[in-house]
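Each reported figure results from applying straightforward, stated rules to the coordinates on display, with no laboratory input. Note that the structure is a prediction, hence the values are computed from the model and not measured. When we count neighbours, we look across all protein chains shown, and the Cβ atoms used for this are built from the backbone with ideal geometry, even at glycine.
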Amino acid sequence: MKVGLVGYSGSGKSTLFRWLTGVEPDPSKIQQGQTGMSHVPDERLAKMAAKFKPKKTKYAEIAVLDTPGLLLTEREDNSRRLAILREANGLVVVLDGFSAGNLAEQLAKFREEILFADLEIVMNRVERLHGQLKRNRPTKEKELDEIELALLKRITTCLEAGQTTTTLGLRPDEEKVIRSFQLLTLKPEMVFVSRGDGNFTEPPPADLLALSNHIVTAPVKLERELSELDEESRTAFMADLGLTASLHDDVIRGIFYGMGRCVFFTVGEDECRSWAIDKGMTAVEGAGVIHTDLSKGFIRAEVMSYADFLKAGYEEKNCKASGTLRLESKDYVVHDGDIMHIRASV
Ligand SMILES: Nc1nc2c(ncn2[C@@H]2O[C@H](COP(=O)(O)OP(=O)(O)O)[C@@H](O)[C@H]2O)c(=O)[nH]1
Ligand SMILES: [Mg+2]
């Protein structure tokens, strides 16, 4: 999964990108977008790795895309700036919470921009379809064009009313028709507020909370400054600020889970690993994330929940004895923290 950091220029995207990925933003790359990877920290995996002492421990990752952001004044350029995001699977709207601006207003304005960019794409396609339908073409093709046109008109009406296309409740076959447009309003969205040194303990304002269920906040610049201090000064400085730990890992997890992802684990003496999947994925889909052969030859999944495995002292045989090691079939919906062993004929 790739999440795009979006928002207005100067809202703190590149500062957040550097903090999350450890990659230095390269100004020469920013116009095309710059990608970095972040591990998704997981205490459960760390504990299991301490027990199994495997040769390799690997954490699930999330790709983060830094983008130039939109301009408030030269709006003509914004569609082009947003086009970079079409390849992203989700959007993190970064809001400037360190200057005095209104956060809810920033978010509402940004949402308007993406509605506008999507509308432009849909309307261009509508125009082209109208032209195509006037020409003499096989009936079958014309029928498909008519179906697409009717769907796009519904989408246009929705966007013009200022609503995102998620409110349309599109059927999977309809989503397929418009998938290639990669509409921004169809992508999962969450909000990140970059806080100043003075206000980072305050909860997000009520008018912002009313606009989004997925809000993560952190004083990014302060966190970065803290990370550059030596241990002793850091501890002292943090105590002064009333901070007990860095928010870094919580923020990555907040973004990862906020984007509708979760993990399952595979554990053993060779390797302990967390695998990123979409919430709601089935055992056979999870197997496919490990290797396509495992989904093709899928027979059963041996599954234990993390809580049961922990209770059993991380001993599979104890789970077997207590009946908490289950055999699940293809359609089993994987839960966050499941430990899975895929049985497949390969
Ligand atoms: N006080 C404070 N300043 C920040 C924070 N994040 C970014 N800034 C400052 O805001 C300016 C723009 O940040 P930048 O990350 O380049 O914004 P971008 O245009 O969205 O990439 C820089 O001068 C940063 O130092 C923050 O969390 N707190
Ligand atoms: Mg930047």
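Points to keep in mind about this one:
- Relative contact order for the chain, counting Cα pairs under 8 Å that sit 6 or more residues apart, in percent: 19 percent
- Taking ILE252, ILE84, ILE121 in turn, the Gaussian network model of the chain (Cα-Cα springs below 10 Å) assigns the largest fluctuation to ILE121.
- Taking other Cβ atoms within 10 Å as a rough exposure proxy, LEU186, LEU159 sort from fewest to most as LEU186, LEU159.
- Dipole magnitude of the range 1-102, debye to nearest 20 (Cβ charges: Lys/Arg +1, Asp/Glu -1, about Cα centre): 760 debye
- In nm, spacing of pseudo-spin labels at GLN182 and ALA321 (7 Å Cα→C-beta vector): 5.4 nm
- For the pair LYS2 and ASP278, the difference between a 0.36 nm per residue extended length and the Cα-Cα distance amounts to 98.1 nm.
- Cα-based shape type of the chain, given that a ≥ b ≥ c are square roots of the gyration tensor eigenvalues and the cut on a/c is 1.5: oblate
- Sequence of LYS176, LYS187 once ranked by neighbouring C-beta atoms within 10 Å, starting from the fewest: LYS176, LYS187
- Charge dipole (Cα centre; +1 on Lys/Arg Cβ, -1 on Asp/Glu Cβ; no other charges) of the chain amounts to roughly 1300 debye.
- Exposure proxy for TRP275, TRP19: other Cβ atoms within 10 Å of each Cβ, ordered fewest to most, give TRP275, TRP19.
- For the range 43-200, the number of Lys pairs with C-alpha atoms closer than 27 Å, counting only pairs eight or more positions apart or on separate chains, is 15.
- Proximal charge balance of GLU328 [Cβ under 10 Å; K/R count +1, D/E count -1]: 0
- Cα pair distances exceeding 17 angstrom across the range 217-332, given as percent: 69 percent
- Most fluctuating residue given options ASP96, ASP118, ASP308, as computed from a GNM of the chain linking Cα atoms under 10 Å: ASP308
- The range 273-346 and the range 136-207 have Cα centres separated by 34 Å.
- Shape of the range 176-238, Cα gyration tensor, a/c cut at 1.5: oblate
- DSSP finds beta bridges in the chain, and of those with both partners inside it, around 50 percent are antiparallel.
- Shape call, the range 1-155: gyration tensor on alpha carbons, a/c limit 1.5: oblate
- Largest GNM mean-square fluctuation across PRO138, PRO219, PRO54, computed for the chain with C-alpha springs under 10 Å, falls on PRO138.
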